[in-house]
1. Which value, to two decimals, describes the C-alpha radius of gyration of the chain once divided by 2.2 N^0.38 Å?
2. Taking a cut-off of 23 Å between Cα atoms, list the lysines near LYS10, but don't count ones fewer than 8 places away on the same chain.
3. How tilted is helix 117-128 with respect to the longest principal axis of the chain? Cα atoms for both, answer in degrees (0 to 90, nearest 10).
4. Along the charge dipole of the chain, pointing to its positive end and built from +1/-1 on Cβ of Lys, Arg, Asp and Glu, which listed residue (LEU8, ALA70, ILE104) has its Cα farthest out?
5. Counting other Cβ atoms within 10 Å, keep those with at most 16, restrict to DSSP loop, and tell me which trypsin sites (Lys or Arg not before Pro) in the stretch 94-150 are left.
6. Calculate, for PHE26 and ALA64, the FRET efficiency according to 1/(1 + (r/R0)^6) with r their C-beta to C-beta distance and R0 35 Å; round to the nearest 0.05.
7. I want to check the label-to-label distance for PHE54 and ALA129. Put each point 7 Å from Cα in the C-beta direction and report it in nm to one decimal.
8. For PHE78 and LYS38, compute 0.36 nm times the residue count separating them, minus their Cα-Cα distance, and round to one decimal in nm.
Amino acid sequence: MLELWNALKKQGYTQYEISNFARPGFQGRQNQLVWSGKPYLGIGCGAHSYLKPFRMRNSRHIRAYMRNIASRGQDWEFRERLSAAQLANEALMISLRLKDGLDIGNWGISHGIMDNPFRDRLLAGFVEAGKAVYQSGRFRLTPEGLAVADMVAGALMVQESEIRPASEPR
């Protein structure tokens with residue numbers, strides 16, 4: 001995988017996400033919207049939408065899609081409300097996939113994540129193992145770390161019990 005990444009870089013492509021390369025100015029705008037955690041509305045069969053805190057998917061079958069649009073005005077075959085921990089973990093996973101990585105302080109504050117010395121040791125361990133770098137408050141995966149990004153994200157995920165209630169200061 002690293003050989004492919006290096007070959008793309010030699011051809012003038014820059015990596016802006018774990019599996020996406022583009023020449024400067026040609027990054028996928030739709031992908032960047034999704035990865036930013038901002039709301040988006042998918043239109044058509046099988047399209048996905050995210051309207052915080054809900055994630056939805058339209059029917060994959062054209063007849064069901066058309067019938068539901070005609071009768072209900074929408075076709076969310078699947079709809080789920082994301083919990084506070086799910087929102088925090090999605091932000092974590094998405095940020096680790098991006099070139100800029102995760103702003104640790106902002107992630108903790110914006111999601112109400114309680115301090116966790118064990119997670120701090122994990123972060124330090126990934127840096128010591130060469131899987132990540134920590135600069136200016138950002139935790140960013142190295143090329144070696146991108147190859148195991150799912151493992152890193154899984155190790156850092158939070159549980160509902162680690163999220164401060166909305167009534168407490170964040």
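Only the coordinates and a few stated rules stand behind these numbers; no lab work does. In this text, all values refer to a predicted model and were calculated from it rather than measured experimentally. Cβ placement follows ideal geometry from the backbone for every residue including glycine, while neighbour counts extend to all protein chains displayed.
1. Here the answer is 1.21, to two decimals.
2. LYS10 reaches LYS99, LYS131.
3. 70
4. Selected residue: ALA70.
5. Here the trypsin sites (Lys or Arg not before Pro) that fit, given the DSSP loop and packing criteria, are LYS99.
6. For PHE26 and ALA64, the calculated efficiency is 0.45.
7. According to this spin-label approximation, the distance is 4.0 nm.
8. 12.5 nm
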